[in-house]
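The values are calculated or read from the model by the stated rules, or taken from the named source; none is laboratory data. Please read all numbers here as calculations on a predicted model, not as lab measurements. Don't worry about glycine lacking a Cβ; one is built from the backbone with ideal geometry, like all the others, and counts go over all protein chains shown.
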Amino acid sequence: MFATPTKTDTKDTIGTSGTKKILEAISTTGKDVSTVCIGGINGSNIQRVLFQSSAESKSLDGVAVVSAIVAASDPEKAAKDLLELVKTPPPFAAAELANTNKLDVPALLIQRVATIIASIGEKAPLSHNMTNLVVQNFAANVALAVGGSPIMANYGEEAQDLSKLGGALVINMGTVTPDGLRNYGQALQAYNLVGGPVVFDPVGGGATSVRRSAIKTLLSKGYFDVIKGNEGEIKAVLGSLIQQKGVDSGPSTSSDAEKATLVRDLAKRERNVVVMTGVKDFISDGRRTFAIANGDELLGRITGSGCVLGTTISLMLTASREDKLIGAIAGILHYEIAAEIAAAREDVKGPGTFVPALIDELYNIQKATTAGSLGWLDEARIEVIDV
C-alpha cells in the first residue's frame, strides 16, 4: 500500500485508492474472500487506510503489520493498540459516520447554511493556514471578516498544539518545496489525530511533474476532509494527464455532466468532499452532487481568490462536522454571494477596489446572519445534479 523498508523490491505503491479499486473489482465474484493489505501501515494511518479503502459493498477485513509491532519496545501493547484503532472509527469521520440524516434538498441546505455561518461568528474558530506568501495577508483578513480567528503558520511542529484548539487546517500547495511537503504532512497527521477538519488546495497541481508528485505524496500522508480546486487541479488529483498553464485552469471543454461526474468520482474515491470551482461550481460527497452558480468574474481577476475560499470553507467545517458537504456549501455561498454584492457596489471600479469591498461584504453577511437577517440567501443559486 505504502512505501516500506521491509519491502524494497516493489515497483510502485497503490495507496488507498488502488486498494479500493481492487475491492470494487472483486466485490461481486469475490465478496466472500477475506482481504487484508500490507505495506507501511502503522498507528498513524491504520484508521484512514480502513476508512478510505472501503468500497460500497466490500471492505478490508484487516491489515498486515510488521515493523509497527516487531520494532516496538512492547510488541504486545503495540498489537493491542493497533487492534483498538481497527475497531474504532477515525476521529475525522466519527461525527459524519454517526449522522444518518444528511440533507439533500437545496431549500433545507440553505436553512442549515445560515445556522453554520451564525455559529462561526459566535465561536470564532481557528483557521490554521499553511499557504503561500502571496495570499497570507488576504487569507487572514478574510478569516477575520467571516468570523474566524486566523493564524498563518507553515511550520509543521506547531500543528501538534494548534490542532487541539478546535479549529481547521488549510494546506495550500502554492509553494512546493521538500521542506514544505514535510511540514504539510506533519500538520495533516496532527489534525487527523484529533479529528480537526483539513482543506487541501492543490494549487497548479497539473502544471509540473513536481506538483503532480507532491499531490501523490500528500494524499499518502493523511486524510483531507475537503479537496478544493479548479478543473485542472481536480483532474490532477484524480490522476488525469493534463497540463496546466501556471495555476490557472484554462478554458474548459467539459460539459456540466462531465464536471459533476468528475467531482463525484473523486469524492467517492477519497471518501470526502470535493469542490471544483469555475463559472459554475460543482461539489460532491460521492453520494450527493450539487452545482452552485454564484460568484462574479472579478474573482478571477484578483490573486488568491480561490485560496481564500479554502480559508472560508475551513471555518464552516468546524461548525458542520456531521455533514461536511453542507459546511463546504456554506463557505461557497457566503464567499460568492459576498462577491456579487461587492461587485455591484458603486465604489467598485475594478479588481483594485473589489478586494476591500469583498472583505467588507463578507463581514456584512456574517453580521447580518448572526442578527437573523437572511435576505442575502435569496440570491443562492444551487441545484441538485443527478450523476
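Could you check the stretch 292-318 and list, in sequence order, the residues that are in contact with a Pro (Cβ under 7 Å, 6 or more places away or on another chain) and not in a helix (DSSP H, G or I)?
Hits for the stretch 292-318 are 302, 318.
Any idea how many residues of the stretch 67-116 are among the β-branched types (Val, Ile, Thr), more than 24 Å from residue 192 (Cα to Cα) and out of contact with any Leu (no Cβ under 7 Å at 6 or more places or on another chain)? Give the derivation first.
Quick first cut of the stretch 67-116, residues among the β-branched types (Val, Ile, Thr) only: 69-70, 86, 88, 100, 105, 110, 113, 115-116.
So of that shortlist, the ones also more than 24 Å from residue 192 (Cα to Cα) come out as 70, 105, 110, 113, 115.
Now drop any that are not out of contact with any Leu (no Cβ under 7 Å at 6 or more places or on another chain), which leaves 70, 105, 115.
Qualifying residue count for the region: 3.
Right, residue 24: closer than 24 Å to residue 322 by Cα, acidic (Asp, Glu) and not assigned by TED's automatic domain parsing to the domain that holds residue 189 or not? Break it down into steps so the answer makes sense when it comes.
Numbers: closer than 24 Å to residue 322 by Cα: no; acidic (Asp, Glu): yes; not assigned by TED's automatic domain parsing to the domain that holds residue 189: yes.
No: the conditions fail for residue 24.
When you go through 336, 340 one by one, which is the residue that is over 14 Å from residue 113 (Cβ atoms), assigned to a helix (DSSP H, G or I) and without any contact (Cβ under 8 Å) to a residue 60 or more places away in the chain?
Numbers: 336 fails: over 14 Å from residue 113 (Cβ atoms).
The unique qualifying residue is 340.
Is it the case that some residue within the stretch 176-185 is at pLDDT below 95 and either surrounded by 20 or more Cβ atoms within 10 Å (Cβ to Cβ) or outside the structural domain of residue 131 (by TED's automatic domain parsing) (or both)?
Among the residues of the stretch 176-185, at least one is at pLDDT below 95 and either surrounded by 20 or more Cβ atoms within 10 Å (Cβ to Cβ) or outside the structural domain of residue 131 (by TED's automatic domain parsing) (or both), which makes the answer yes.
If I filter the stretch 350-372 for residues that are assigned to a loop (DSSP other than H, G, I, E, B) and under 19 Å from residue 117 (Cα atoms), do I get at least one hit?
Yes, the conditions are met somewhere in the stretch 350-372.
Spot the failing condition for residue 108; the list is (1) surrounded by 21 or more Cβ atoms within 10 Å (Cβ to Cβ); (2) part of a helix (DSSP H, G or I), and only one is missed.
(1)
As an exercise: evaluate residue 75 against (1) loosely packed, with under 12 Cβ neighbours inside 10 Å; (2) over 30 Å from residue 264 (Cα atoms) and give the number of the one condition it does not meet.
The single condition residue 75 does not satisfy is (1).
Here are some residues: 346, 383. Which one is free of Cβ contacts under 8 Å to residues at least 12 places away in the same chain, not in a helix (DSSP H, G or I) and not β-branched (Val, Ile, Thr)? If you could, list the steps in order and put the result at the bottom.
Working: 383 fails: free of Cβ contacts under 8 Å to residues at least 12 places away in the same chain.
Testing whether each residue is free of Cβ contacts under 8 Å to residues at least 12 places away in the same chain, not in a helix (DSSP H, G or I) and not β-branched (Val, Ile, Thr) leaves just 346.
Quick check on residue 380: is it under 13 Å from residue 294 (Cα atoms), among the hydrophobic types (A, V, I, L, M, F, W, C) and either in the same structural domain as residue 265 (by TED's automatic domain parsing) or at pLDDT below 95 (or both)?
On the way: under 13 Å from residue 294 (Cα atoms): yes; among the hydrophobic types (A, V, I, L, M, F, W, C): yes; either in the same structural domain as residue 265 (by TED's automatic domain parsing) or at pLDDT below 95 (or both): yes.
It is true that residue 380 is under 13 Å from residue 294 (Cα atoms), among the hydrophobic types (A, V, I, L, M, F, W, C) and either in the same structural domain as residue 265 (by TED's automatic domain parsing) or at pLDDT below 95 (or both).
Report yes if residue 325 is touching a residue at least 24 places away in the same chain (Cβ under 8 Å), buried (at least 24 other Cβ atoms within 10 Å of the Cβ) and more than 13 Å from residue 142 (Cβ to Cβ), otherwise no.
Details: touching a residue at least 24 places away in the same chain (Cβ under 8 Å): yes; buried (at least 24 other Cβ atoms within 10 Å of the Cβ): yes; more than 13 Å from residue 142 (Cβ to Cβ): yes.
Yes: the conditions hold for residue 325.
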